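Notes to accompany the following structure.
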Amino acid sequence: MKRASKIYTALVMVFLFAPIAILLVFSFNDAKSLSVFSGFSLHWYRELFRDDETLKAVRNTLVLAVSAALISTAMGTAAAVGMNRMRNKVLRQTMDSVTNIPMINPDIITGISLMLMFVFVGRLFGAATSLNFGTMLIAHITFCLPYVILQVLPKLQQMDKALPEAAMDLGCTPLRAFFKAELPEIMPGVITGLIMAFTLSLDDFVISYFTSGNGFQTLPIRIYNMTKKTVTPKMYALATIIFFVILTLLLISNLYDEDEVQKRRAARQIRKASKEAKT
Amino acid sequence: MRKIIELKNITKSFDGEVVLDNISLDIYDNEFITLLGPSGCGKTTTLRIIGGFETPDCGDVIFMGEDIKDVPPYKRNVNTVFQRYALFPHLNVFENVAFSLREKKVPKDEIKRKVTEMLSLVALKGFEKRSVTSLSGGQQQRVAIARALVNQPKVLLLDEPLAALDLKLRKDMQVELKNIQKATGITFVFVTHDQEEALSMSDTVVVMSEGRIQQIGTPVDIYNEPTNAFVADFIGESNILDGVMLEDRKVAFAGHVFDCVDAGFAKREPVDVVVRPEDVDIVPEDKGQLQGVVTSVTFLGVHYEIIVDIKGFKWMIQTTDFCDVDEKIGLYIEPDAIHIMKKSEYSGMFGDYSTYSDEMEEIGEVEIGELAEYEEQEAAPAESETEK
Ligand SMILES: Nc1ncnc2c1ncn2[C@@H]1O[C@H](COP(=O)(O)OP(=O)(O)OP(=O)(O)O)[C@@H](O)[C@H]1O
Ligand SMILES: [Mg+2]
């Protein structure tokens, strides 16, 4: 029985990681072949960094992801604060469900509807091509927002409501009270939200596909366009790099998980207390 | 004494429900004033109006002669110790206390001096670097007090600051708070629903119920001269009976005419009569003004608490003499032990011990909400039984 479960776990692991492993291995392949590993080389990585078009797409993606993440985090946090302060229960619950809609909506529908809106509004103002970096940024902020709210709102609800009041009592204006008393408390949620928004934006293909235009290309779109021609191991190299970047972000975000933070805080305190006890 | 805060005809409702109903209250310099009342009577709301966290629907809040109704909390010379302390978890003890000084851009060395001084006042020297989450309840409490006092406010508002502490610590903190108040000379506005705490600590007690002030007075006044059945019942134990004022200094209740010391009522005016359990003397049956049967005896260390059935009305009596259950005894009440009150909306709701048991008392002390239920149950038989 025990052996069976071990084998089962091993199989699951193989299924999960085999594709990535193969990708990783073949990104270092000397030749172009997909079946024979003829020797280790960084050829395809060198090749990748010589491809200006791809590098530009990387830069675009990063600029887009960073801006979308920052803006949606700021907006989402503000929205969560507002929602948390609502006294009217019905209104608050409605807001809760409404903000969740983009999350459960299929990407393709969000993408098409956003594109329609941008084109429609663009026409309204008489623009020839209304899709550009700006529209894509708006689109990315739109689908990142609910995730940020989802991360921040619970932290606000857990927080002692009296904290901002205490800060005001001690001389802070309401805005200052937010930054001095409330924000430090919800920071783990804000950081997780930020990282989530960043990865979501990096990752997104469908919505970007519909809302991009005017020559502005993100990496997923670039890759998609490349595969329409021929697949070269250059892309394996690219995929490998992306995989490790995302993995690193995931690890950081897990470290920021509140439980972890608290556990570490507690551990530090115990250590400190025991040190004090000794002296 | 100088008036420092005046609340004038304050009314406040939440969602159409009146929470404070025309409250007027004067708070004097250097005073330890306590708002006392059952849960939900509006104590916190009153405090929050003084602190600036709620705006009254109508009425004025006067602070040292100025109307501060529209002054935001951060501009008021008032500080608050919150119900659950509301310390900043991301700051250590020193930084928590230094918070308001840093906001005011006080020079560094002065901050250090003031915070150190405050921490020694609340006996927390050496705790500067500790995280507030690692402190015990009592220590957090003292950090909260130090943080609120470091600013040297004119008035300190304390919302049930001792409610979360265990009994022993609570007693210690009561003494400590009182000492701090005397040492600093700051006016304390203290909220509690524990009547003992209110009586032992305050210069002035404000008894509240259902959004209204029932009585304002010194602890001795409040205990000896309650204005109505609610106050008499809420402060200490009392037997409250229906009576009729026959003439000045003569009152009839429980089927007997008593001499008393109160005067100024109309002839044959129906009144509420309060007799404290410790003011009733037990005498042989034939010597008593009233005769009754002992129905229960509880030993409480310093005295016995016995319940005596007199014509269907259950009296509580505290005595050091032992009586047996079912014993027939006589009761004697001195004229000055009888307190007469005008009839009020609370008449007949309190003061009969017919459903009294120790178990219920215990529940009542822990959970005020359940006490109200218990009093409701109690009110129904009390009405029918006391009619004569
Ligand atoms: N922000 C609010 N919104 C709606 N109702 C409120 C609000 N604050 C207080 N109330 C209501 O006002 C009433 C009085 O509340 P308050 O907090 O002043 O009572 P309290 O005397 O402090 O009680 P406790 O001893 O339980 O703290 C309660 O019925 C409460 O439900
Ligand atoms: Mg309260």
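Rounded to the nearest 10 degrees, what's the angle between the helix A:2-27 long axis and the longest principal axis of chain A, both from Cα atoms, 0 to 90?
Roughly 60 degrees, rounded to the nearest 10.
How large is the helix-only mean residue ellipticity at 222 nm for chain A, computed as the sum of -39500 (n - 2.57) over DSSP H runs with n ≥ 4, divided by its residue count, in deg cm²/dmol to the nearest 500?
Theoretical 222 nm ellipticity from helices: -26500 deg cm²/dmol.
Whole Å is fine, so just give me how far the alpha carbon centre of the range B:16-37 lies from that of the range A:66-108.
Going from one Cα centre to the other spans 40 Å.
Measure up A:Lys56/A:Lys229; B:Lys75/B:Lys114; B:Lys108/B:Lys154; B:Lys8/B:Lys105 against 28 Å on the Cα-Cα distance and list the ones that go over.
Correct reply: B:Lys8/B:Lys105.
Per-residue ellipticity at 222 nm for chain B, helices alone: DSSP H runs ≥ 4 residues times -39500 (n - 2.57), over residue total, nearest 500 deg cm²/dmol?
After summing the helix terms and dividing by the residues of chain B, the value is -9000 deg cm²/dmol.
What is the Cα centroid distance between the range A:1-51 and the range B:208-233, reported in whole angstrom?
82
Want the number for A:Thr94 to A:Thr232: 0.36 nm per residue separation, take away the alpha-carbon distance, what's left?
Working: separation 138, 0.36 × 138 = 49.68 nm, distance 4.93 nm.
Value of the extension gain: 44.8 nm.
Taking springs between alpha-carbon atoms closer than 10 angstrom, which of A:Gly213, A:Gly111, A:Gly193 fluctuates most in the Gaussian network model of chain A?
For chain A, modelled as a Gaussian network with Cα springs under 10 Å, the answer is A:Gly213.
Give, in nm to one decimal, the length gained when the segment between B:Lys104 and B:Lys154 is fully stretched (0.36 nm per residue of separation minus the Cα-Cα distance).
Gain on stretching B:Lys104 to B:Lys154: 16.3 nm.
Just how much of B:Glu247 is accessible, in Å², when a 1.4 Å probe is used and the result is rounded to the nearest 10?
Probe radius 1.4 Å; accessible area of B:Glu247 about 100 Å².
Which of the three applies to chain A, rounded, prolate or oblate, going by the alpha-carbon gyration tensor with a ≥ b ≥ c and a/c under 1.5 meaning rounded? Kindly include the intermediate steps, with their values, before the conclusion.
Details: a/c = 2.20, a/b = 1.26, b/c = 1.74.
Since a/c reaches 1.5 but b/c is at least a/b, the shape of chain A is classed as oblate.
Between A:Phe243 and B:Lys125, what FRET efficiency follows from the Cβ-Cβ distance if R0 is 51 Å, with the result rounded to 0.05?
Working from the Cβ atoms, E equals 0.40.
How large a share of the accessible area of the protein assembly as shown, in percent, is made up of carbon and sulfur atoms when the probe is 1.4 Å and the other protein chains stay in place?
Carbon and sulfur: 58 percent of the exposed surface of the protein assembly as shown.
Skipping prolines and chain starts, which residues have an amide H placed within reach, meaning under 5 Å, of the one on B:Leu290, given they are 5 or more residues away or on another chain?
Under 5 Å from the amide H of B:Leu290: B:Leu331.
Taking 40 Å² as the minimum loss, tell me which residues in the range B:23-57 lose that much accessible area going from the chain by itself to the full protein complex (1.4 Å probe).
Flagged in the range B:23-57: B:Phe53.
Report, in degrees rounded to the nearest 10, the 0 to 90 angle that the Cα long axis of helix A:219-228 makes with the longest principal axis of chain A.
20
Could you list the residues of the range A:39-82 with an amide nitrogen less than 16 Å from a label point located 7 Å from the Cα of A:Met117 in the Cα-to-C-beta direction?
A:72, A:75-76
Quick one: among A:Leu202, A:Leu64, A:Leu91, which has the greatest mean-square fluctuation in a GNM of chain A with alpha-carbon springs under 10 angstrom?
A:Leu91
Checking buried surface per residue: for the range A:145-183, which residues lose a minimum of 40 Å² accessible area in the protein assembly relative to the chain alone (1.4 Å probe)?
A:Asp160, A:Leu163, A:Glu165, A:Ala166, A:Met168, A:Asp169, A:Leu170, A:Lys180
Over chain B, with the other protein chains present, what is the accessible area per residue in square angstrom, probe 1.4 angstrom? Intermediate results must be reported in sequence, preceding the final value.
On the way: 17330 Å² over 388 residues.
Accessible surface, normalised per residue, equals 45 Å².
Please report the buried accessible area for the interface of A with B, total over both chains, probe 1.4 Å, in Å² to the nearest 100.
2100
Add +1 for every Lys or Arg and -1 for every Asp or Glu among the other residues with Cβ under 14 Å from the Cβ of A:Ala139, and state the total.
-3
Compute the FRET efficiency between B:Glu334 and B:Thr184 as 1/(1 + (r/R0)^6), taking r as their Cβ-Cβ distance and R0 = 51 Å, and round to the nearest 0.05. Walk me through the numbers before you get to the answer.
Numbers: r = 42 Å, r/R0 = 0.83.
My answer for the efficiency is 0.75.
The values are calculated or read from the model by the stated rules, or taken from the named source; none is laboratory data. Since we're looking at a predicted model, the values are computed, not measured. Heads up, the Cβs are rebuilt from the backbone with ideal geometry, glycines too, and the neighbour counts pull from every protein chain shown. Just the protein is used for accessible areas: all its heavy atoms, side chains included, with ligands, DNA and RNA removed. Shrake-Rupley method; radii C 1.70, N 1.55, O 1.52, S 1.80 Å.
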